[in-house]
Amino acid sequence: MQDFKRNYLTLNVVMVKTIMFFAIMIALFAALSDRTESALLEKDQLIPERNKSIYAIQREPEETIDILVLGDSLSYSSVSPMSLWNRHGYTSFVCGQPGQDMIESEELLRIALRTQTPEVVILETNALFQDRLNGRSLNDTMETAFNYYIPLFRGHDVWKSLVMKKEYEEIGFAKYKGFAFRSDIKPYKDGEYMKKTDKTAELPDKNMEHLQNIMDMCRDCGAELILLGTPSPSNYNYSVHNAIAEYADKQKLTYIDMNLLNDEIKIDWNTDTLDKGDHLNLSGAEKVTEYLGRYLSDNYSLTDHRGDAAFDQWTKVAAEYDEKASLKLKEMRGT
């Protein structure tokens, strides 16, 4: 009986020590996570390019963003929030990432909705064809979740910036509301890429699950979801158009495929692409944004915030952007 009591007491001591150990570890982890989050929110240069939009949207004042844009590198290469402001006074933010897949689009929207209630959410549709999700293991999925919800995990290499004084290039992501201000030109020369066909590209099932979650979140917050295909010969063709158009029709979603709208948008593939038809440069983005702004103005009742003192910072940054963009566009277009 005494041996039983002794073993019982020993077991209790071990359990208490174990619980105390994990409690201390959790407290330390939480403290380090908070410190990491604060450091990354304060200084954009500490953040690798891929995670910049996660923090940049969190720096925006609460309830000030009316339009959110999600997607891979086509999103931040094609839509310029400062140009939308200059033309219409709309507040927008591009929550894009290189190679953003649909689980990342969903999680970034969830993060943005903590502090913003947009009236319009735009998804650049190339993300729908990122097929990495179909081969993802549970570990990959958990890694993505940790990256979005545990600051210490996604900021695990911040020590490089702090100790080794390593900083990451800004390229306009933070300053220009998620837009990458790039003016290099490498023409696309392969001609017509939207040749009509009855073929339909395959939309990965996993991506459709995450798109459904995005639709649900938009419905819950009262936002209109727009599917947007920006001009890109490297990523779009008519079979891709057919797949998205068919899905959008079934779901009663707005779908704008700018690859079929060049008579209106007037992309010049000699001057408007950064890398031979993959991404647009500043010149192409200005044309896309001009068309998008007209579409939003004609179809939605968005607020023009110009003249509102609460948005003075937008006016200041937009004036700087306009001056810089005007000079670059003259140079790029040879005007």
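The values are calculated or read from the model by the stated rules, or taken from the named source; none is laboratory data. On a predicted model such as this, the values are computed, not experimentally measured, just so you know. FYI the Cβ positions are ideal-geometry reconstructions off the backbone, even for glycines, and counts take in every protein chain you see.
Collect the residues in the stretch 300-317 that are surrounded by fewer than 16 Cβ atoms within 10 Å (Cβ to Cβ) and either over 19 Å from THR117 (Cα atoms) or basic (Lys, Arg) (or both), keeping them in residue-number order.
ARG306, GLY307, ALA309, ASP312, GLN313, LYS316 - these are the residues of the stretch 300-317 that are surrounded by fewer than 16 Cβ atoms within 10 Å (Cβ to Cβ) and either over 19 Å from THR117 (Cα atoms) or basic (Lys, Arg) (or both).
Residue-by-condition table, conditions (1) in contact (Cβ under 8 Å) with a residue 40 or more places away in the chain; (2) touching a helix residue (DSSP H, G or I) at 6+ places or on another chain (Cβ under 9 Å); (3) within 25 Å of ILE111 (Cβ to Cβ):
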{"site": "ILE214", "(1), (2), (3)": "yes, yes, yes"}
{"site": "GLY222", "(1), (2), (3)": "yes, no, yes"}
{"site": "HIS241", "(1), (2), (3)": "yes, yes, no"}
{"site": "ASN259", "(1), (2), (3)": "yes, yes, no"}
{"site": "ASN270", "(1), (2), (3)": "yes, no, no"}
{"site": "GLY277", "(1), (2), (3)": "yes, no, no"}
{"site": "SER297", "(1), (2), (3)": "yes, yes, no"}
{"site": "ALA309", "(1), (2), (3)": "no, no, no"}
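In this structure, is LEU203 outside any helix (DSSP H, G or I), touching a residue at least 12 places away in the same chain (Cβ under 8 Å) and closer than 29 Å to THR64 by Cβ?
no
Which residue out of THR289, THR273, THR315, THR303 is at pLDDT 95 or above and touching a strand residue (DSSP E or B) at 6+ places or on another chain (Cβ under 7 Å)?
THR273
Looking at TYR247, TYR236 in this structure, which one is farther than 15 Å from MET102 by Cα, in contact (Cβ under 8 Å) with a residue 60 or more places away in the chain and aromatic (Phe, Trp, Tyr)?
TYR236
Pick from the stretch 286-314 the residues that are of a type in the set (S, T, N, Q) and within 26 Å of LEU123 (Cα to Cα): which of them is nearest to the chain's Cα centre (by Cα)?
Per the stated criteria, the residue is THR289.
Tally time: how many residues in the stretch 211-259 are among the polar types (S, T, N, Q), closer than 23 Å to ASP198 by Cβ and crowded, with 20+ Cβ neighbours inside 10 Å?
Adding up the residues that qualify gives 3.
Does ASP205 count as out of contact with any Phe, Trp or Tyr (no Cβ under 7 Å at 6 or more places or on another chain) and at pLDDT 95 or above?
Answer is no for this residue.
Taking the stretch 58-83 as the region of interest, how many residues are within 17 Å of the chain's Cα centre (by Cα) and within 20 Å of ILE256 (Cα to Cα)?
Number of matching residues: 16.
Looking at the stretch 318-335 only, could you name the residues that are surrounded by 15 or more Cβ atoms within 10 Å (Cβ to Cβ) and either small (Gly, Ala, Ser) or touching a strand residue (DSSP E or B) at 6+ places or on another chain (Cβ under 6 Å) (or both)?
ALA318, ALA325
Counting only residues that are touching a Cys at 6+ places or on another chain (Cβ under 8 Å) and surrounded by fewer than 24 Cβ atoms within 10 Å (Cβ to Cβ), how many does the stretch 60-108 have?
So the answer is 1.
Restricting attention to the stretch 109-132, which residues are crowded, with 24+ Cβ neighbours inside 10 Å and either charged (D, E, K, R) or without any contact (Cβ under 8 Å) to a residue 12 or more places away in the chain (or both)?
Correct list: GLU124 only.
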